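The values are calculated or read from the model by the stated rules, or taken from the named source; none is laboratory data. Predicted, not measured: the structure shown is a model, and the values here were computed from it. So basically every Cβ, Gly included, is an ideal-geometry build from the backbone, and we count neighbours across all protein chains shown.
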Number of protein chains: 2
Amino acid sequence: MPKAVCLLSGGLDSSTCLALARQQGFACYALSFDYGQRHRIEMEAAARVAAALGAARHVTLKIDLRAFGGSALTDDIAVPKGRSVESMGEGIPVTYVPARNTIFLACALAWAETLEAADIFLGVNAIDYSGYPDCRPEFIEAFERTANLATKAGVEGRTRVRIHTPLIRLSKADIVRLASDLGLDFGLTWSCYDPLEGAYPCGACDSCLLRAKGFEEAGIEDPIGRRP
Amino acid sequence: MPKAVCLLSGGLDSSTCLALARQQGFACYALSFDYGQRHRIEMEAAARVAAALGAARHVTLKIDLRAFGGSALTDDIAVPKGRSVESMGEGIPVTYVPARNTIFLACALAWAETLEAADIFLGVNAIDYSGYPDCRPEFIEAFERTANLATKAGVEGRTRVRIHTPLIRLSKADIVRLASDLGLDFGLTWSCYDPLEGAYPCGACDSCLLRAKGFEEAGIEDPIGRRP
């Protein structure tokens, strides 16, 4: 059974991506990050999802990106609320965490190399997304090229590292439908950037709005409840 | 004064690189890592060097690469001793830490982005080196390309991130001479991978042997003492 490192935030996209990697026959090594994010509740979701989807191992790596700041997710900057989904692709919002996917992929690459795995899964999406530069196909391609120059296996020509981004061209509704087909328990996942009382989705951040749009367009009900 | 993020291990090369960035007129933001390395003493050297060279700030980021293992520097694998310097470029030794420079550069990129700095300095060397894949010019070029696609500034076309590797084509003797010209206090630096009693250079690991060769060829005495 080939091994794959699957980046897992515990959100809808990365959980769907993990379910897909598993369906494709990979033994999945799920990698999450405790990076000082304000929505720490997503780490619990990641652990639940990794367990439910039978990950071979789940590692949560601690790396304090608050040391650098510069994002509403890691610094004392308010999370924007009530933006229109249509406007999200224009400009880069303050929830962008500088170089986050570069750091996450670099760590995934380190683990892949020690596991002798050639496959890394990342649930980025360039359609219904927040305008983050490190979710675009050209970034992924450049990273993949770098990865193959960075590693022992790449140098020795033994394996070719591949960054899989199966959701990159899907709409959020497509992702919801795919996850449903894969039997993902949506109730285990977490998307909100700015949970109310640390426990309920705010319903107004970009992540909540994109999730709501996806479920609505897919005609599926989201089991994650609002604050009663 | 333009800002630069300078990766600083506390070794000879990264310290020389920091001294050079400073001489070139950059305000230097020194970045070190506590990654679970067995030669933790190098972190003290990094702090001493950053202070002595007047870094604008020095951050030591904690990221536990022992979670992945796979290297003599982070796992229960012996550090090779007494290899000939000539053979070091052939094959990749067990002291190679999977994807380490990719991770370090990704973190430097994150900090550069929040500082609005376009310049990152890295003291890699592809001449007198241990055969690590992530010290080669083709890796650095690929990472630079990735960095410019990964970031806000890159996307908006505001700045172009540049990865400076001024030592990449120098011999170890050239680096010792350059450091000497820059007035670097060699006694502040630390190179050994496997310190004896946590305090003295072993004199036999690749890093000690390369350092000794550099000082010898440059005709300069290394003030770092052996175990009495």
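Side notes on the structure shown:
- Scanning region B:80-101 for residues that are at pLDDT 80 or above and either closer than 17 Å to B:Val161 by Cα or crowded, with 20+ Cβ neighbours inside 10 Å (or both) gives B:Val97, B:Pro98, B:Ala99, B:Arg100, B:Asn101.
- Of the numbered criteria (1) within 14 Å of chain B (Cβ to nearest Cβ); (2) touching a residue at least 24 places away in the same chain (Cβ under 8 Å), the one A:Cys28 fails is (1).
- Candidate set: region A:1-52, residues that are in a strand (DSSP E or B) and of a type in the set (Ser, Thr, Tyr); chosen: the one surrounded by the fewest Cβ atoms within 10 Å (Cβ to Cβ): A:Ser32
- Tally of residues being surrounded by 24 or more Cβ atoms within 10 Å (Cβ to Cβ) and either facing chain A (nearest Cβ under 7 Å) or not in a helix (DSSP H, G or I) (or both) across region B:102-116: 8
- Every residue from region B:69-96 that is among the β-branched types (Val, Ile, Thr), more than 8 Å from chain A (Cβ to nearest Cβ) and within 18 Å of the chain's Cα centre (by Cα): B:Thr74, B:Val94, B:Thr95
- For A:Lys62, the conditions (1) within 10 Å of chain B (Cβ to nearest Cβ); (2) surrounded by fewer than 16 Cβ atoms within 10 Å (Cβ to Cβ); (3) on the phi < 0 side of the Ramachandran plot; (4) not in a strand (DSSP E or B) are fulfilled apart from (4).
- Residue selected from region A:148-161 under the condition more than 7 Å from chain B (Cβ to nearest Cβ) and crowded, with 19+ Cβ neighbours inside 10 Å, by the criterion modelled with the lowest pLDDT: A:Ala153
- Residues satisfying the stated conditions in region A:117-146, i.e. more than 7 Å from chain B (Cβ to nearest Cβ) and part of a helix (DSSP H, G or I): A:Cys135, A:Pro137, A:Ile140, A:Glu141, A:Glu144
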